[in-house]
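The structure appears right after this line, and notes come after that.
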Amino acid sequence: MNFIPTKLEGCFVLEPKIILDERGYFMESFNEQTFQKGIGKQIHFVQDNQSYSSKGVLRGLHYQTDEHAQAKLVRVLQGEVLDVAVDIRPDSPTYGQYESVILSGENQKQFFIPRGFAHGFLVLSDTATFFYKCDNFYNKESEGGIKYNDPTIGVNWNFPSQALIISEKDKIQPLLQNAKKVW
């Protein structure tokens, strides 16, 4: 597994070693020892989540606050998405900046997003199955969100806005300046 640091401290793109032969392929998608060595800290995942969405679905930008904050290791099992992490750590030099990466069932890349980041993704293929590990349990009272098109963040979704499929909840999320603090 190759761990590629991003411009946002603590975020990594993970590229697996894929072994191909006439039968198909094999890869190790997760190994706790390799993962912890690669990111330089101990993370223990306690919950796995999976979603299925169609082209144009934008989910995000979401996070959990305070003691319920979550680190995530995300990947796409089938299809392709634009995955986005936004640094919302108040004292971070990259506060309000984002990193995006294309994740697909074909490239098998993963994206590690530590606690203190908002997260979202946009489905680029006809459908996508999205899978992620969390290091903390979901808590409804600790939900936070930021509007997907906040101009101070300026995420380039590179997709026609009229073709986006967004939940009512995500359409009315606050801008970063008015959002719940992560801690």
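The values are calculated or read from the model by the stated rules, or taken from the named source; none is laboratory data. Quick caveat, the model's predicted, so the values are computed rather than measured. Because the Cβ atoms are built from the backbone with ideal geometry, glycine has one as well, and the counts that use them run over all protein chains shown.
Values as computed for the structure displayed
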read-out: Residue check, Gln110 within 25 Å of Phe30 (Cβ to Cβ), in contact with a helix residue (DSSP H, G or I) (Cβ under 9 Å, 6 or more places away or on another chain) and crowded, with 18+ Cβ neighbours inside 10 Å; value: no
read-out: Any hit, the range 25-32, residues being in contact with a Lys or Arg (Cβ under 8 Å, 6 or more places away or on another chain), within 20 Å of Ser104 (Cα to Cα), assigned to a strand (DSSP E or B) and of a type in the set (D, E, K, R); value: no
read-out: Test: Leu176 is at pLDDT 95 or above, crowded, with 18+ Cβ neighbours inside 10 Å and not charged (D, E, K, R); value: yes
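For every residue, the table says whether it meets (1) modelled with pLDDT of 95 or more; (2) of a type in the set (S, T, N, Q); (3) more than 19 Å from Phe3 (Cβ to Cβ); (4) under 12 Å from the mean Cα position of the chain (by Cα).
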| site | (1), (2), (3), (4) |
| --- | --- |
| Lys55 | yes, no, yes, no |
| Ala69 | yes, no, yes, no |
| Lys72 | yes, no, no, yes |
| Ile88 | yes, no, yes, no |
| Glu106 | yes, no, yes, no |
| Leu122 | yes, no, yes, yes |
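Residue-by-condition table, conditions (1) in a loop (DSSP other than H, G, I, E, B); (2) farther than 23 Å from Lys17 by Cβ:
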{"residue": "Arg75", "(1), (2)": "no, no"}
{"residue": "Leu82", "(1), (2)": "no, yes"}
{"residue": "Arg89", "(1), (2)": "yes, yes"}
{"residue": "Ile102", "(1), (2)": "no, no"}
{"residue": "Phe112", "(1), (2)": "no, no"}
{"residue": "His119", "(1), (2)": "no, yes"}
{"residue": "Phe130", "(1), (2)": "no, no"}
{"residue": "Lys133", "(1), (2)": "no, no"}
